[in-house]
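Below is one structure, written out as C-alpha cells; comments come after it.
The values are calculated or read from the model by the stated rules, or taken from the named source; none is laboratory data. Predicted model only: the values in this text are computed from it and were never measured. All Cβ positions, even for glycine, are placed from backbone atoms using ideal geometry, and neighbour counts span all protein chains on display.
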Amino acid sequence: MEVNLSTLLNPYFSHSDLVGLLLSEGDQMQALFARANQIKSVYTGSKTYLRGLIEFTNLCDKDCYYCGIRHSNHAITRYTLPDTDILAAVRMADQYKLGSIVLQSGEQSSAIFVDRITNLLHSIDKATQGRIAVTLCVGEQTDEVYLKWFEAGAKRYLLRIETTNPLLYRSIHPQNKLHDYYRRLDCLYSLKRIGYQTGTGVMIGLPGQSVEDLADDLLFFEEFGIDMVGMGPYIESANTPLAESQKEKLLPLKQRYELSLKMIAALRLLMRDINIAATTAIETINPQGKVYGLQVGANVIMPNLTPAIYINRFQLYDNKPVAAGNLPDYLGSLESHLQPLNLQLGYGESGTSAYFESRKQFEANC
Ligand code: SF4
C-alpha cells in the first residue's frame, strides 16, 4: 500500500490511514518519522521527561504466556526488594532530579501487598517532601485498592492492555478469570474514573498480530483518551509457552523494531500532546533504539534504578538491557546523544502529560 504523504498533514486518521502509515517503508517511513518529530516538538517541546524505574519484586500470581517472570517459570530466582532499598533508589532519583519514579512489579493482590504499597507511597512522599511523582505499574486490582493508592499519593498508573484484539489476547494468556481481557479493560476505565493519569501500551509483532490489529490499538488509545503510552516490540522469553510454540509466526527482529518506531510515530500524529515512552524493549533490538524513539515522537525515558544485583532477575523477555549502571554517567551519555538533536532532559520535572492537563480542565468545566 502506498502512503499518501498528504495524510501526514491530517489532524484525523482513519483505520486505513493508520494501516498505510504502519506499512510505510523507505522515504515514506522517513517522512512519517520527520512529521512525528515535528509535531512532537510543537506539542510537547524539546524536553524528555525522566522516570526512574524501580522493579521491586518479580513475584507474580499470573501466568501470561509471553512473560519471563510468569508464576510457572521455576527457572528464575525470585526476589523482593526491602523497603530500605526502594527508598534508597527513590532518594537517588530525587538527588539527580529525575522528577518521577515508576514502581513496577509482578501482579499480586494480597492484603499484605496492598498495605505495603500504601505504606511505601506515604514513605516516599515523606522522604522526598512531595518532590517525586509516583507511577504505579502493579497490575489489576479492585476499585477500592486503586482508590486507596490514589489517596495515598499515587496519581499515575500504567496498565498495559498488551493487545486490544480480544482473540489475540486470549491466545497469549491462559483462559481463566485471572487473565480476562474485559477485566483488564474494566481496570483501565476504573483508573481513569478515579482520576489517575492513565497509561497503557501494547506489544508489537506478536505471533498472529496484523497491522490492522495495531491500527485498532492506536484507535483504542485515542477513543479511550489515554494520557500516556509505553509500547515496544514483542521479544521472546525463553521457557515461556509463547516463545516455544509460535516461533514460525514471528516477524524478524528488524521488522518488529521498525514497526515499533512506526507505531510511536503514528501515535504522535494521532494524539499530539500525550506522553509516549521510548521503552527498553526497543533498545534490546538496537542499542540506540531509545534515542531513535525520541526522534520519532517519544518524549519519556525510564532509567532503570533497580539495584544491579536484582536487575537480571526482572527479565520479562530475553536480553533485556541491564541497569542504567552509574546514574550520572547514564544521564551524561544520554545528554550527549540528545544535545545534537536539540533535546534536553527534563530535570526536576514531574512531566505531567499535557493531554491529561487539558482533559482534567475540560472535565472540570463540564
Ligand atoms: S506480564 Fe505481568 S502479570 Fe503477566 S506474568 Fe508477567 S509480570 Fe505477571
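Taking the stretch 128-167 as the region of interest, how many residues are more than 15 Å from the ligand (Cβ to nearest atom), out of contact with any Lys or Arg (no Cβ under 6 Å at 6 or more places or on another chain) and not basic (Lys, Arg)?
Residues that pass the stated criteria total 22.
Right, Gly20: crowded, with 20+ Cβ neighbours inside 10 Å, without any contact (Cβ under 8 Å) to a residue 60 or more places away in the chain and away from the ligand (no atom under 16 Å from the Cβ) or not?
Yes: the conditions hold for Gly20.
So, in the stretch 93-114, how many residues would count as being without any contact (Cβ under 8 Å) to a residue 40 or more places away in the chain and more than 14 Å from Thr80 (Cβ to Cβ)?
Of the residues in the stretch 93-114, 4 are without any contact (Cβ under 8 Å) to a residue 40 or more places away in the chain and more than 14 Å from Thr80 (Cβ to Cβ).
Only one residue in Ala89, Ala75, Ala36 is touching a residue at least 40 places away in the same chain (Cβ under 8 Å) and within 16 Å of the ligand (Cβ to nearest atom). Which one?
Answer to the check: Ala75.
Go through the residues of the stretch 295-316 one by one and say whether even a single one is farther than 24 Å from Leu214 by Cα, modelled with pLDDT under 90 and among the basic types (Lys, Arg).
Taking every residue of the stretch 295-316 in turn, at least one turns out to be farther than 24 Å from Leu214 by Cα, modelled with pLDDT under 90 and among the basic types (Lys, Arg).
Yes or no, residue by residue, for (1) crowded, with 17+ Cβ neighbours inside 10 Å; (2) of a type in the set (Gly, Ala, Ser):
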{"site": "Arg78", "(1), (2)": "no, no"}
{"site": "Pro82", "(1), (2)": "no, no"}
{"site": "Leu98", "(1), (2)": "yes, no"}
{"site": "Val102", "(1), (2)": "yes, no"}
{"site": "Gly130", "(1), (2)": "no, yes"}
{"site": "Glu140", "(1), (2)": "yes, no"}
{"site": "Trp149", "(1), (2)": "yes, no"}
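Please identify the pairs in which a residue from the stretch 53-66 that is within 8 Å of the ligand (Cβ to nearest atom) has its Cβ atom under 6 Å from the Cβ atom of a residue that is assigned to a loop (DSSP other than H, G, I, E, B) and charged (D, E, K, R), counting only partners at least 6 apart or on another chain.
Asn58/Arg78; Asn58/Arg313; Cys60/Glu107; Asp61/Glu107; Lys62/Glu107; Asp63/Arg70; Cys64/Arg70
Restricting attention to the stretch 178-200, does a residue exist that is in a loop (DSSP other than H, G, I, E, B) and within 16 Å of the ligand (Cβ to nearest atom)?
Yes: the stretch 178-200 contains one or more residues that are in a loop (DSSP other than H, G, I, E, B) and within 16 Å of the ligand (Cβ to nearest atom).
Considering (1) in contact with a Phe, Trp or Tyr (Cβ under 7 Å, 6 or more places away or on another chain); (2) outside any loop (DSSP other than H, G, I, E, B), say which one Asp213 fails and leave the rest.
Evaluating Asp213 over (1) in contact with a Phe, Trp or Tyr (Cβ under 7 Å, 6 or more places away or on another chain); (2) outside any loop (DSSP other than H, G, I, E, B) leaves (1) as the failure.
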